[in-house]
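*Asks:* One structure coming up, written as structure tokens, with questions to follow.
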Amino acid sequence: MKVTAEKIDNQQVVLEIEVEAAEVEKATEKAYKRIANKVNIPGFRKGKAPKKIVEQHVGKQAILDEAFDIVAPKAFNDALDEQKIDPVTRPQIEVVTLEEGKNLVFKATVTPKPEVALGEYKGLKVEKEAVEVKDEEVDKQIEQMRDRQGKMVDAPEGAEVKSGDFTTLDFKGFVDGEAFDGGEGKDYPLQIGSNSFIPGFEDQLIGAKIGEQRDVNVKFPEEYHSKELAGKDAKFECTIRSIKSKELPALDDEFAKKASTFQTLDELKADIREKLTKNAEQKAENDRKSAAIQQATDNITVDIPAVMIDNRVTAMIQEMAMRLEQQGMKLEQYLQYAGTDIAKIREDYRETAEKNVKTDLMLEAVAKAEEIKVEAADLDAEIGAMAAAYGATPAQVQKIIKEQGRIGDLAATVLRKKTAQFVVDNIAE
């Protein structure tokens with residue numbers, strides 16, 4: 001087999017592959033037998049018709065095309081190995097010569113994975129952020145616990161709506177004097193100050209009393225999900241039906257006993273501070289790791305083919321679609337609700353996709369330079385972690401991975417994690 005490689009525009013390589021006629025002849029015999037077992041030829045059982053008869057029935061070109069499908073994949077893969085090319089795209093095939101008794105010649109155009117010039121990735125200087133939990137952070141946690149322990153009470157007679165109150169109201173919306181679909185509600189629950197309605201809506205209800213009718217004038221945001229209403233002025237006729245407020249428990253030892261397993265408020269605060277400190281330390285360490293990986297990524301030199309970024313964007317959108325389906329929503333429904341389209345989503349994802357691809361290329365290059373390998377124990381540990389996360393057994397997870405043909409993907413993921421840890425472990429002290 002002969003192989004020549006030519007670089008062309010767009011970072012592509014054209015491989016011209018020539019396979020000896022003898023190999024083509026062997027493939028042709030296999031092709032004839034394959035076709036003979038598929039077609040019905042009057043007077044012959046499947047697979048028993050002579051080659052000439054099969055050729056007359058389907059045509060010589062059909063047999064040659066089948067022979068090409070037999071011989072070309074191996075020839076292509078052998079050519080990749082010979083030229084040390086790791087393609088990131090499927091090949092574009094062009095047959096040059098496919099004739100009986102002649103060498104097969106075909107061209108395969110691919111985009112190779114780019115070469116990476118590593119920069120500094122060991123001994124990186126990354127400062128770990130100092131951890132300090134302020135009293136305000138502890139107090140915020142305490143207030144959230146008080147809020148969960150709070151009781152809803154009716155506002156006294158004659159009370160006016162104030163920020164933080166829980167109301168129910170009737171409303172009907174109008175644009176240009178006409179009621180619009182979806183603009184009406186009865187006994188609708190609304191906490192004033194929650195900002196769950198159009199900006200400015202809730203503020204205009206402050207001071208209203210139960211039974212009072214009040215007009216609220218607002219403007220829909222330009223980016224509102226309903227294009228028919230986006231940017232338009234609207235009036236809502238509103239009537240307050242009820243007002244409730246939340247009565248919070250006193251901040252004392254009794255509260256601590258009811259809200260936790262601790263006997264005193266001081267013990268509860270100490271526990272909250274300890275947990276916040278642990279979380280902050282873990283975040284600081286994660287940030288330190290991310291900074292090291294980002295530094296190592298920034299230090300490489302690589303020309304990333306656009307197709308790699310496009311493919312990563314596509315994968316990200318597919319992952320988003322799967323998450324939405326798990327929540328009972330189709331991607332098309334989300335796009336309509338969000339007032340966007342696939343083109344905009346792709347544009348939004350592109351920067352992140354490029355960063356992720358560059359990081360992966362850095363990690364692959366470091367793994368190669370440092371001869372980092374994935375051992376069986378590494379795979380077992382990853383499968384064990386996945387099993388724990390999904391509430392399954394390692395055997396169940398392993399079975400699913402094998403059935404889906406994802407062992408290679410799993411190994412690649414483990415290699416990236418292992419290499420990332422190598423970079424982190426070599427941060428300068």
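*Asks:* In segment 376-429, which helices (runs of 4 or more DSSP H) lie fully inside it and hold 2 or more residues that are closer than 28 Å to Lys122 by Cβ? Steps first, answer last, please.
*Replies:* On the way: elements: 376-390, 394-403, 407-425.
In segment 376-429, 376-390, 407-425 are the helices (runs of 4 or more DSSP H) which contain 2 or more residues that are closer than 28 Å to Lys122 by Cβ.
*Asks:* With (1) open to solvent by 40 Å² or more (accessible area, probe 1.4 Å); (2) among the hydroxyl-bearing types (Ser, Thr, Tyr); (3) under 42 Å from the mean Cα position of the chain (by Cα) as the list, and Thr264 as the residue in question, which single condition is left unmet?
*Replies:* Among (1) open to solvent by 40 Å² or more (accessible area, probe 1.4 Å); (2) among the hydroxyl-bearing types (Ser, Thr, Tyr); (3) under 42 Å from the mean Cα position of the chain (by Cα), the lone unmet condition for Thr264 is (3).
*Asks:* Restricting the search to segment 318-342, which residues are open to solvent by less than 60 Å² (accessible area, probe 1.4 Å) and either at pLDDT 95 or above or touching a Leu at 6+ places or on another chain (Cβ under 8 Å) (or both)? Walk me through it before giving the result.
*Replies:* Step one: of segment 318-342, the residues open to solvent by less than 60 Å² (accessible area, probe 1.4 Å) are 320-321, 324, 331, 335, 338-340.
Those that are open to solvent by less than 60 Å² (accessible area, probe 1.4 Å) and either at pLDDT 95 or above or touching a Leu at 6+ places or on another chain (Cβ under 8 Å) (or both): Met320, Ala321, Leu324, Leu331.
*Asks:* Of the residues that make up segment 186-203, is at least one open to solvent by 30 Å² or more (accessible area, probe 1.4 Å), part of a loop (DSSP other than H, G, I, E, B) and touching a Leu at 6+ places or on another chain (Cβ under 9 Å)?
*Replies:* Step one: of segment 186-203, the residues open to solvent by 30 Å² or more (accessible area, probe 1.4 Å) are 186-189, 191, 193-197, 199-200, 203.
Those still in the list that are part of a loop (DSSP other than H, G, I, E, B) too: 193-197, 199-200.
So of that shortlist, the ones also touching a Leu at 6+ places or on another chain (Cβ under 9 Å) come out as 196-197.
Looking for residues that are open to solvent by 30 Å² or more (accessible area, probe 1.4 Å), part of a loop (DSSP other than H, G, I, E, B) and touching a Leu at 6+ places or on another chain (Cβ under 9 Å), one finds at least one in segment 186-203, hence yes.
*Asks:* Based on what the data block shows, is Asn299 at pLDDT 95 or above and closer than 30 Å to Glu364 by Cβ?
*Replies:* Details: at pLDDT 95 or above: yes; closer than 30 Å to Glu364 by Cβ: yes.
When the stated conditions are applied, Asn299 passes them.
*Asks:* Cβ-Cβ under 9 Å, sequence separation 6+ or interchain: first residue in segment 206-226 and assigned to a loop (DSSP other than H, G, I, E, B) and among the hydroxyl-bearing types (Ser, Thr, Tyr), partner modelled with pLDDT under 95 and surrounded by 11 or more Cβ atoms within 10 Å (Cβ to Cβ). Which pairs?
*Replies:* Pairs that qualify, where the first residue is assigned to a loop (DSSP other than H, G, I, E, B) and among the hydroxyl-bearing types (Ser, Thr, Tyr) and the partner is modelled with pLDDT under 95 and surrounded by 11 or more Cβ atoms within 10 Å (Cβ to Cβ), are Tyr224/Ile198; Tyr224/Ala230; Tyr224/Gly231; Tyr224/Lys232; Tyr224/Gly339; Ser226/Phe180; Ser226/Phe220; Ser226/Gly339.
*Asks:* Condition first: in contact with a helix residue (DSSP H, G or I) (Cβ under 8 Å, 6 or more places away or on another chain), part of a helix (DSSP H, G or I) and of a type in the set (A, V, I, L, M). Now tell me which residues in segment 31-71 satisfy that.
*Replies:* Within segment 31-71, Ala31, Ile35, Ala36, Val54, Val58, Ala62, Ile63, Leu64, Ala67, Ile70, Val71 qualify.
*Asks:* Follow-up question, since we're still on this one. Is it true that some residue in segment 29-44 is surrounded by 13 or more Cβ atoms within 10 Å (Cβ to Cβ), closer than 24 Å to Asn77 by Cα, basic (Lys, Arg) and more than 43 Å from the chain's Cα centre (by Cα)?
*Replies:* Yes, there is a match, as at least one residue in segment 29-44 is surrounded by 13 or more Cβ atoms within 10 Å (Cβ to Cβ), closer than 24 Å to Asn77 by Cα, basic (Lys, Arg) and more than 43 Å from the chain's Cα centre (by Cα).
*Asks:* If we only count strands (runs of 3 or more DSSP E) wholly inside segment 79-182, which ones have 3 or more residues that are open to solvent by 80 Å² or more (accessible area, probe 1.4 Å) and more than 30 Å from His225 (Cα to Cα)?
*Replies:* Details: elements: 92-97, 104-110, 151-154, 166-175.
By residue number, 92-97, 151-154.
*Asks:* Also: From the list Glu354, Glu371, Glu375, exactly one residue is touching a residue at least 24 places away in the same chain (Cβ under 8 Å), of a type in the set (D, E, K, R) and out of contact with any Cys (no Cβ under 6 Å at 6 or more places or on another chain). Which is it? I'd like the intermediate steps shown before the answer.
*Replies:* On the way: Glu371 fails: touching a residue at least 24 places away in the same chain (Cβ under 8 Å); Glu375 fails: touching a residue at least 24 places away in the same chain (Cβ under 8 Å).
Matching residue, one of Glu354, Glu371, Glu375: Glu354.
*Asks:* Cβ-Cβ below 6 Å, separation at least six or inter-chain, first residue in segment 268-293 and closer than 13 Å to Val131 by Cα and surrounded by 14 or more Cβ atoms within 10 Å (Cβ to Cβ), second modelled with pLDDT of 95 or more and of a type outside the set (A, V, I, L, M): which pairs?
*Replies:* Once the first residue is closer than 13 Å to Val131 by Cα and surrounded by 14 or more Cβ atoms within 10 Å (Cβ to Cβ) and sits in segment 268-293, its partners that are modelled with pLDDT of 95 or more and of a type outside the set (A, V, I, L, M) give Leu276/Glu137.
*Asks:* Name the pairs: first residue in segment 46-75 and at positive phi, second residue aromatic (Phe, Trp, Tyr) and not in a loop (DSSP other than H, G, I, E, B), Cβ to Cβ under 9 Å, at least 6 apart or on different chains?
*Replies:* If the second residue must be aromatic (Phe, Trp, Tyr) and not in a loop (DSSP other than H, G, I, E, B), no pairs are left.
*Asks:* Which one of these is more than 24 Å from Ala338 (Cβ to Cβ) and open to solvent by 90 Å² or more (accessible area, probe 1.4 Å): Glu247, Glu237, Glu223?
*Replies:* Working: Glu237 fails: open to solvent by 90 Å² or more (accessible area, probe 1.4 Å); Glu223 fails: more than 24 Å from Ala338 (Cβ to Cβ).
On inspection, the qualifying residue turns out to be Glu247.
*Asks:* Mind counting the residues in segment 381-429 that are open to solvent by 60 Å² or more (accessible area, probe 1.4 Å) and either aromatic (Phe, Trp, Tyr) or touching a Ser or Thr at 6+ places or on another chain (Cβ under 7 Å) (or both)?
*Replies:* Matching residues across segment 381-429 total 1.
The values are calculated or read from the model by the stated rules, or taken from the named source; none is laboratory data. Keep in mind that what you see is a predicted model, and the values were worked out from it rather than measured. Every residue, glycine among them, receives a Cβ derived from its backbone with ideal geometry; neighbour counts consider all protein chains shown. Accessible surface areas use protein heavy atoms only, side chains included; no ligands, DNA or RNA. Shrake-Rupley method; radii C 1.70, N 1.55, O 1.52, S 1.80 Å.
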